[in-house]
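Worksheet: the structure to be examined is printed underneath.
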Amino acid sequence: MEQDNSSYQEIWNRALKLLSRREHTELELRNKLPRGEEEADAVLEVVENLKREDYLSDERFAEVYVRSRMERGDGPVKIRHALKNRGVSGALIERYLDPADGVWETILGEVWARKFDAAPANYKEWAKQARFLQSRGFTTEQIKKVVSHKESA
């Protein structure tokens, strides 16, 4: 810590307290720390020092966030949107949202099985199930691979 004033120390302590609860992105942390004009330089310095000391890492945040959201049953569209809103770079997003083949379809199948009792009997039911799965962040292509519909004769 280069600066030795009380403002810097207060911001540093607040940042560590936030980071001790959960991972944050650089953007999230900057938004949560005081942003008065007189404190702007101290906030920038704190953030840079936290990154240098590896207390703050967008990459670590992306890895943890994607894993936890996948376990919750969220799809790639929803996760990508959330990461972008938190200031994670496109390259990091793509790195962590590109798991092994079939992973998203497996997650989608599990989400579908928990929510619905049976395959849709007609297009109206398929559309209802597809809308639910889209709201969870899955693409139409992924949904078509996993959920087939039977047209009534």
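Number of residues in the range 1-58 that are in contact with a Pro (Cβ under 9 Å, 6 or more places away or on another chain) and polar (S, T, N, Q) equals 1. Among residues belonging to the range 105-136 that are outside any helix (DSSP H, G or I) and not acidic (Asp, Glu), point out the one that is nearest to Arg69 (Cα to Cα). Looking at the filtered set, the residue picked out is Arg136. Scan Ser89, Ser57, Ser6, Ser20 and give me the residue that is small (Gly, Ala, Ser) and within 30 Å of Lys145 (Cα to Cα). Exactly one residue qualifies, and that residue is Ser89.
Looking only at residues of the range 15-50 that are among the charged types (D, E, K, R) and over 22 Å from Val64 (Cα atoms), we find that the one that is surrounded by the fewest Cβ atoms within 10 Å (Cβ to Cβ) is Glu37.
A Cβ distance below 7 Å, combined with a sequence gap of six or more or placement on separate chains, defines the contacts here; from the range 41-64, residues that are touching a residue at least 24 places away in the same chain (Cβ under 8 Å) reach residues that are crowded, with 17+ Cβ neighbours inside 10 Å and among the small types (Gly, Ala, Ser) in the pairs Val46/Ala15; Leu50/Ala15.
The criterion of being loosely packed, with under 15 Cβ neighbours inside 10 Å and within 27 Å of Glu28 (Cβ to Cβ) does not hold for Lys128.
Bear in mind these aren't lab numbers, they're just calculated from the coordinates by the rules spelled out. Keep in mind that what you see is a predicted model, and the values were worked out from it rather than measured. Please note: Cβ atoms are built from the backbone with ideal geometry, for glycine as well, and neighbour counts cover all protein chains shown.
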